[in-house]
Amino acid sequence: TPDTAEYAMWLGDDALILAQQLGWWISRAPELEEDVALGNIGLDVLGHARSFLRYAGTADGRTEDDLAYWRDEPAFRSAWLFEAPNGHFGDTIARQLVASAFQLELYRRLADSADPALAAIATKSVKEVAYHLDHAVQWMLRLGGGTELSHERIQQSLVDVWPFVDELFRDEPVIDRLEGVAVRPSTLREPVLARIQAILDAAGLETPSVEPSMAGGRRGSHSTRLGYLLAEMQVLARSHPGATW
Amino acid sequence: TPDTAEYAMWLGDDALILAQQLGWWISRAPELEEDVALGNIGLDVLGHARSFLRYAGTADGRTEDDLAYWRDEPAFRSAWLFEAPNGHFGDTIARQLVASAFQLELYRRLADSADPALAAIATKSVKEVAYHLDHAVQWMLRLGGGTELSHERIQQSLVDVWPFVDELFRDEPVIDRLEGVAVRPSTLREPVLARIQAILDAAGLETPSVEPSMAGGRRGSHSTRLGYLLAEMQVLARSHPGATW
Amino acid sequence: EAGQARFDALIEADGRIEPRDWMPAAYRKTLVRQISQHAHSEIIGMQPEANWITRAPSLKRKAILMAKVQDEAGHGLYLYSAAQTLGIGREEMTDQLIAGRARYSSIFNYPTPTWADMGAIGWLVDGAAIANQVPLCRASYGPYGRAMVRICKEESFHQRQGFEILLELSQGTDAQHAMAQDAVDRWYWPSLMMFGPPDDESPNSAQSMAWNIKRFSNDELRQRFVGMLVPQAEVLGLTLPDPNLRWNDETQAYDMSEIDWTEFHEVLAGRGPCNAQRLQHRRQAHDDGAWVREAAHAYATKQAAATEQAAA
Amino acid sequence: EAGQARFDALIEADGRIEPRDWMPAAYRKTLVRQISQHAHSEIIGMQPEANWITRAPSLKRKAILMAKVQDEAGHGLYLYSAAQTLGIGREEMTDQLIAGRARYSSIFNYPTPTWADMGAIGWLVDGAAIANQVPLCRASYGPYGRAMVRICKEESFHQRQGFEILLELSQGTDAQHAMAQDAVDRWYWPSLMMFGPPDDESPNSAQSMAWNIKRFSNDELRQRFVGMLVPQAEVLGLTLPDPNLRWNDETQAYDMSEIDWTEFHEVLAGRGPCNAQRLQHRRQAHDDGAWVREAAHAYATKQAAATEQAAA
C-alpha cells in the first residue's frame, strides 16, 4: 500500500543518507582499521537502504535507483539526524551512536511486523546494526575516557547532534494507519534513550540538555545539508537520463 | 574569433572558479572584517569572470550563464590553482596570493592587447586585483610573522598550492595564434615569481621547492575538485532547463 | 541630578544622546540589549542566505546575493561599533552569542530549502525589518540612529531585490511560480511575528517609547507592513496565505486572522528548526578562525614593539 | 655461515623463508622496500576510486565501489603486517609515506575525471597488478606470499567488476561509450608501464629472481598482460590505443609501439598530475585523525593500568 511504501521510504532514506555520508570516510579515517570499519558499516547500511527502497518502489513500479537518484529533496523522508554532517570523527561517531541505537530497537520490533517484507528486512538487518552500535560504543568509551581534548570534543559532538534526537520519536498520521505494520516511533523513545544514557554514563559523558529542533524530515522538510548531499549524489546519474550502469 | 573566445574563457573560468570558492567564505571567515573583505574580493573576481565570459560567448552567441551553468567539466578552461580547495583560511590566502600576483601582471599587460574588448576588461580589473594582492600580502605578513602555529600553517599552505603555479606559465598552441592579443603565459613567469619571492621574503617564509603538477586545465583536464564544485554550482540552474531567474 | 535633568530635557526636545553624555543605567542597558540583539541578527541572518551563494542560478543573482550577505556583515560591524560606544566589547557580545546567551531575531531559525526563499526573505523579512527600523533612524541614541540610517538605505535596496526575485519566479515556469508561492506561504506569518507580541502583551514597549527609542507600537507597525504587502502581492501574482485578509473601511485597517503565537514561542525557546545549526555554524567559524586572530594579534604586538624600539 | 647455508638451501629448494629464519640483510632490505611500497600503493590507490563513491551512478555500483576501496585498505593492512614481520613499524612506514620519502605505484598519480575510470582502473590497473602479483603468491618470503594469495583472490574479483563497468558503458548510450573509450585511451599506456622498465634497463630484477621473489621478467609479464587484453577489448567493443598492436606469428608475441617512457619518468619524479594531491590527502587524514589515535592510546593505557591494579 502507499502507506507502507511511505514508511519503507522513511527507513530506506534514513539508511541511504547515512550510507552516503559514511562512504565519504573511506580513505579519510583516523586509522586504516577505521577506513575498513566505517566502510563496512556504510556498506551494511547501504544494503538496508536498498532493501527498504526496493520494497517501497513496488508500490508504484519504481526501482531503488529511481528513488535514490530521481526524487527531489522534498520527496525524501530522512530524519535530520541522518543528514547531520560528518564533521570530525567524533561528530560521525556521535551521530552513529544515536542512529544505531535507534535502528537497533526499531528493527528488533519491526521483525515482528505484520508486513512480511518489512519483517524480513528488519530481521536480516538487526544483527548488523548491533555490531554498528558496538563499534560506536567502543569509540564513545575511548573518546570519552581518552584525553582531555577527546573528551571535550565528543561531548560537544553529542551536544551538536542532540537537537535531532527528538524527531526520531515523533509519530506522524501515517503511523496511525499502519497499526501492526510500522513501529510507532514514540514507543521507541524510552528504550532508546535509556540505552544511550547507559552508554554515556559508562563513557563518563553528560547527556546533553539542549532544546530539540523542529525538524520535519518525515514531511519532506529537510536540513540545509540535504540539498548539497543530493546534488553530489545525483549529479552523474542525472546527467545521463535513461542510461543504465 | 574562436581563438580569442578560447582565451577569454581561460581568464573567465579562472575568475569564475575563484569567485565560486571565495563566496563560500561569507559567513565563515575568522572575523567579520574578513567576511566583508573576502566577499568583496569574490565579488570583484565574479565581475571579471562575467566580463570575460560574456565576451567569450559573443563568438557563438552564448550568454555568460550558458557558459557558467551549461558547460560540462571538460569544456572548462580554468587552471588547477583556481580549483585548489578553500581549506583553512591560510590555504585560501596562499591561493589568493598566487592568483592575484598572476592576475595583476597578466591584466597589466593585457591592458595593451590589440583586442580592445580584452584590453578594456583588463584595464578595469587591474586596480581591483592590486587591492586583492595587497590583502593577501597583509595576511602573509601576519600569518608568517604571527605565531609559531600560523607560521607553520601558512608555510604548509604554500607547499600545498605550489605544484599548481607552473601551469599558469605554460604556453599552449592557441597562444601562438593570438600574438598581440593574448599575453604569452611564459613571459609572466619571471615577474610573477619575483614578486611572490619578495613577499615571501618579507613574511619570513620559504619559497617551496616542490615538483610542479602535470596539470592540464587549459586543455580541459581538471583537478579532482572541479567536478564537485560544478555539481554544486550548477545544480539549481540545471534542474530548471530554459528558466530565467 | 544634573545629568538626569539634562537627559530628560534632551529626550523632551527629541534631541540626541551621545556616548559621552550622562544616561540612566536602565536606558544604557536597554540600548545595549537592543543594539547587540540587532547586531547578532545581522550576523546570524547571513546564514540562511549564504546557503544559496554557491548555488545561485545565474551569475547576476550570485553577485547580488554575495553583495547582500556581505552587506549584512557590514551592518553587524556598524551595530557592534554602536554598542561598543555604550561600554560593551565586541568579544563579550560574540561570546554571549556563541554561548547561546544572547538573543537574535527568531526568523533566522527557519531553513531556506529553495531559491525562492532568497526572494521571500528579501521581500518579507527585509520588508518587516525596514518597517521596524525606519523609525529607529530617529532613535534618541545618536550612534544607533546614525547606524540605522545607513542600514535602512541598504535594506530597502535588498527588499527591492527580493521582490524582483519573486517577480521573476512568479512569471517564470510553473515550477518556479510554485516555488515562489511556497516560499511566501512559509515566510508570511513569521515575518508578521517579527513585529513582536500584540501591544497588550508587550511590557517593555512603553518605556522604550518614552525614551524615544521606539516610535510606534508593534501592532501599528504590523498593520502598516501588511498594508504595504497587499498591493505588492497583487503585482507579484502571489497570494498572501491569510483567507481572512481584507480591507475594513470602518476601522480603516486590514482585518486579518489571528496570529498563532505557539510556533513563535517554540522557536523563541530554542526549538525552531535551525536554532542549533545557526549557533553551531557561528561557533565553528569562530573556533576555526581563532588561530588567525591570534596570529594577527601577535603580529600587531610585535610590530608595535618594533616601532617603539625604533623610536627610542 | 650456517644461516646463509640454510637460507641458500631453502631458496634452492623453492622453500619458504619465515620471519624467525636467518636471512641476508640485502634480502630483508629488498623485501621491506618492495612490501612497503606495495602497501603504500594500496593505500594511495584508494583515492582515485574513493573520488567516485559519493557520486556512483547506481546504488549497486556504489556498493561495489565502497567494498572495493575498503578492500584496498584491507590489503594495505595485510601488507603492512607482512612488512612488520621484517622489523619495520607501521608508524615508520606511514611517516615515510607522508613525508614523500616512500615510493608507491605511479599509476595512482593520474586523476579520475569520469566514472568510466572506475572501469578502466579495474580492468587495466587491477589487471596489470594481478599479472604482476600472481607470481608473487609463490614469493620465497612466507608472510608476503600468503598475503598475496588473499590479495590476488580479491583483485581478480575487482578486475571482473571493472570489466563489467566498461561493458555496460560500452553498450550504453553514445555518451557512455565515448566515456569508456576515453578512459581506456588514458589508462592503457600507464597500465603497461606498471610492469616497470624494459628488461635491459631493470637492474634489480636479476637479484630478485635469484631470491625467488620475482619469477618473470618485466617484459614477459607485460607481453602476457597484453595477450590477455586483446580478446577482452574485442568483447568490450573498445579499441586499445596502439595502432601497431598485432599478433606476430613468428615471435609468437604481440608487436606493439614503443612505450614513451618520458611521461612515466616525469610522474615518477613527482611531476604527475596528482602526486601532490595524493600525499596531501593522506597527510590530512593522518593529521586530522591524530587526536583520535591519541585518545585510543590513552584509553588503552588507562585500561591496562586499571586491569593491572585490579590484579594486584
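Per DSSP helix of 4 or more residues, -39500 (n - 2.57); summed, then divided by the residues of chain A. What does that give at 222 nm, rounded to the nearest 500?
-21500 deg cm²/dmol
Amide H to amide H under 5 Å from C:Y141: which residues, 5+ apart in sequence or cross-chain, H placed 1.01 Å off N in plane?
C:I17
Relative contact order of the stretch C:139-274: what whole-number percent is it, with Cα pairs under 8 angstrom and at least 6 residues apart?
23 percent
Which of these, A:Q138, A:Q103, A:Q20, has the largest mean-square fluctuation under a Gaussian network model of chain A (Cα springs below 10 Å)?
Among A:Q138, A:Q103, A:Q20, the largest mean-square fluctuation in the Gaussian network model of chain A belongs to A:Q138.
Using only the Cα atoms of the stretch C:198-256, what do you get for the radius of gyration and for Dmax, in Å?
Using the Cα atoms of the stretch C:198-256, the pair Rg, Dmax is 14.3, 42 Å.
Given N residues in the stretch A:92-190, what is Rg(Cα) / (2.2 N^0.38 Å)?
Ratio of Rg to 2.2 N^0.38 Å for the stretch A:92-190: 1.24.
Can you list the equivalent-ellipsoid semi-axes of the stretch B:128-245, largest first and in whole Å, using the square root of 5 times each Cα gyration tensor eigenvalue?
31, 23, 15
Stretched out fully, how many nm does the piece from D:T251 to D:Q303 gain, at 0.36 nm a residue minus the Cα gap?
12.0 nm
Mind listing P(r) for chain A? All alpha-carbon pairs, 10 Å bins, whole percents.
Over chain A, the share of Cα pairs per 10 Å bin runs 7, 33, 38, 18, 4, 0 percent.
For the stretch A:199-245, just list the percent of Cα-Cα distances falling in each 5 Å bin from zero outward, please.
That works out to 5, 14, 13, 12, 12, 14, 11, 7, 5, 6, 2, in percent per bin.
Which value does Rg/Rh take for the stretch C:128-238 over its C-alpha atoms, Rh per Kirkwood?
Ratio of gyration radius to Kirkwood radius: 1.05.
Give the whole-number value, in cubic angstrom per residue, of the convex hull volume spanned by the C-alpha atoms of the stretch A:1-63.
Dividing the Cα hull volume of the stretch A:1-63 by its residues yields 57 Å³.
Rank C:R160, A:R218, B:R225 by accessible area, highest first, at a 1.4 Å probe radius?
C:R160, B:R225, A:R218
With a cap of 15 neighbouring Cβ atoms within 10 Å, and only residues DSSP puts in a loop, list the GluC sites (Glu not before Pro) found in the stretch C:1-61.
Of the GluC sites (Glu not before Pro), the ones in loops of the stretch C:1-61 whose Cβ has at most 15 other Cβ atoms within 10 Å are C:E1.
What average number of partner chain Cβ atoms lie no more than 10 Å from the Cβ of the residues making up C:130-136?
0
For C:Y254, enumerate residues with amide H under 5 Å from its amide H, sequence gap 5+ or separate chain, H modeled in the peptide plane.
So C:Y254 has HN proximity to C:N248.
Return the Rg/Rh value of the stretch C:157-312, two decimal places, where both radii are evaluated on C-alpha atoms and Rh is the Kirkwood radius.
Radius of gyration relative to Kirkwood radius: 1.18.
Amide H of B:A79: which non-local residues (sequence gap of 5 or more, or other chain) have their own amide H closer than 5 Å, using H built in the peptide plane?
Under 5 Å from the amide H of B:A79: B:D14.
Ranked by accessible surface with a 1.4 Å probe, highest first, in what order do C:L236, D:L268 come?
If we order C:L236, D:L268 from most to least accessible, we get D:L268, C:L236.
How long is the stretch D:39-133 along each principal axis, judged by its Cα atoms, biggest number first, in Å?
For the stretch D:39-133, the Cα spread along each principal axis is 44, 27, 22 Å.
For a distance above 15 Å, tell me the whole-number percent of Cα pairs in the stretch D:230-270 that qualify.
It works out to 60 percent of all Cα pairs.
From the label point of D:R283, set 7 Å from Cα along Cα→Cβ, how far away are the matching label points in the other copies, in nm, ordered shortest to longest?
3.1
Angle check, please: helix A:116-145 long axis (alpha carbons) against the longest principal axis of chain A (alpha carbons), in degrees 0 to 90, nearest 10.
Result, in degrees: 20.
More than 13 Å apart: what percent of Cα pairs in the stretch D:136-187 qualify?
I get 65 percent for the Cα pairs in the stretch D:136-187 exceeding 13 Å.
At 37 °C and a viscosity of 0.692 mPa s, what translational diffusion coefficient does Stokes-Einstein give for the stretch C:1-93, taking Rh as the Kirkwood radius over Cα pairs? Give it in µm²/s as a whole number.
So the translational diffusion coefficient is about 213 µm²/s.
Given 20 °C and 1.002 mPa s, compute D for the stretch B:53-134 with the Stokes-Einstein relation, Rh being the Kirkwood radius over Cα pairs; round to the nearest whole µm²/s.
Reported coefficient: 149 µm²/s.
Relative contact order for chain A: what percent, with Cα pairs under 8 Å and sequence separation of 6 or more?
Relative contact order, chain A: 25 percent.
Which whole-Hz couplings ³J(HN,Hα) result when phi for each residue of the stretch B:21-30 is put into the Karplus expression 6.51 cos²θ - 1.76 cosθ + 1.60, θ = phi - 60°, listed in order with x for Gly and Pro?
6, 5, x, 4, 5, 5, 4, 10, 6, x
Tell me the volume per residue, in Å³, of the convex hull enclosing the alpha carbons of the stretch A:127-181.
Taking only Cα atoms, the stretch A:127-181 has a hull volume of 88 Å³ per residue.
Within 10 Å, count the other beta carbons around each residue, average over each peptide in D:59-70, B:174-185, and list them highest first.
Highest to lowest by the protection proxy: D:59-70, B:174-185.
Evaluate the Debye formula for chain C with equal point scatterers sitting on the alpha carbons, no solvent, and hand back log10 of I(q)/I(0) at q = 0.06, 0.15 Å⁻¹, in q order, two decimals.
Once normalised to I(0) and log-transformed, intensities are -0.24, -1.29.
Determine the relative contact order of chain D: mean sequence separation of Cα pairs under 8 Å and six or more apart, normalised by residue count, in whole percent.
Dividing the mean separation by the residue count of chain D yields 18 percent.
On a 29 Å Cα-Cα criterion, which of the cross-link pairs A:K124/D:K60; C:K60/D:K62; A:K124/D:K302 come out too long?
Among A:K124/D:K60; C:K60/D:K62; A:K124/D:K302, the Cα-Cα distance tops 29 Å for C:K60/D:K62; A:K124/D:K302.
Taking the label point as lying 7 angstrom from Cα along the Cα-to-Cβ axis, what are the distances from D:Q303 to the corresponding position in the remaining copies, in ascending order and in nanometres?
Between copies, matching label points for D:Q303 lie 5.1 nm apart.
Using the Karplus equation 6.51 cos²θ - 1.76 cosθ + 1.60 (θ = phi - 60°), what ³J(HN,Hα) coupling, rounded to whole Hz, does each residue of the stretch C:93-99 give in order, writing x for Gly and Pro?
Calculated HN-Hα couplings, in order: 5, 4, 4, 4, 4, 5, 6 Hz.
At a 1.4 Å probe radius, which order do D:D117, D:D260, C:D199 fall into by accessible area, largest first?
D:D260, C:D199, D:D117
Rounded to the nearest 10 Å², what accessible area does D:D8 have for a 1.4 Å probe in the complete protein model?
We get 70 Å² for D:D8.
Can you pull the one-decimal nm distance between simple spin-label points at B:R177 and C:A26, each 7 Å off the Cα toward Cβ?
8.0 nm
Expressed as an acute angle from 0 to 90° and rounded to the nearest 10, what is the orientation of the C-alpha long axis of helix B:89-110 relative to the principal long axis of chain B?
The two axes meet at around 50 degrees.
Given a Förster distance of 25 Å, report the FRET efficiency between C:D14 and C:A206 from their Cβ-Cβ distance, rounded to the nearest 0.05.
0.90
Taking chain D as a Gaussian network, Cα atoms linked when under 10 Å apart, which of D:S41, D:S106, D:S257 shows the biggest mean-square fluctuation?
Fluctuation is largest for D:S257.
Would you mind giving the three semi-axes, in whole Å and largest first, of the ellipsoid equivalent to the stretch D:74-203 according to its Cα gyration tensor?
30, 17, 15
Evaluate the Kirkwood expression for the hydrodynamic radius of the protein assembly as shown, namely the inverse of the mean inverse distance over all pairs of different C-alpha atoms, and round to one decimal in Å.
That comes to 32.5 Å for the protein assembly as shown.
³J(HN,Hα) across the stretch B:234-243 via Karplus (A = 6.51, B = -1.76, C = 1.60, θ = phi - 60°), whole Hz, x for Gly/Pro?
9, 4, 5, 4, 6, 7, 10, x, x, 6
Semi-axes of the equivalent ellipsoid for the stretch B:7-119, please: Cα gyration tensor eigenvalues, times 5, square-rooted, ordered largest first, whole Å.
25, 16, 12
Distance in nm between label sites at B:A130 and D:E164, each 7 Å beyond Cα in the beta-carbon direction?
6.3 nm
The values are calculated or read from the model by the stated rules, or taken from the named source; none is laboratory data. In this text, all values refer to a predicted model and were calculated from it rather than measured experimentally. A quick note on method: Cβ atoms are made from the backbone with ideal geometry, for glycine too, and the neighbour counts reach across all protein chains shown. What goes into the accessible areas is simple: the full protein's heavy atoms, side chains included, and nothing from ligands, DNA or RNA. Shrake-Rupley method; radii C 1.70, N 1.55, O 1.52, S 1.80 Å.
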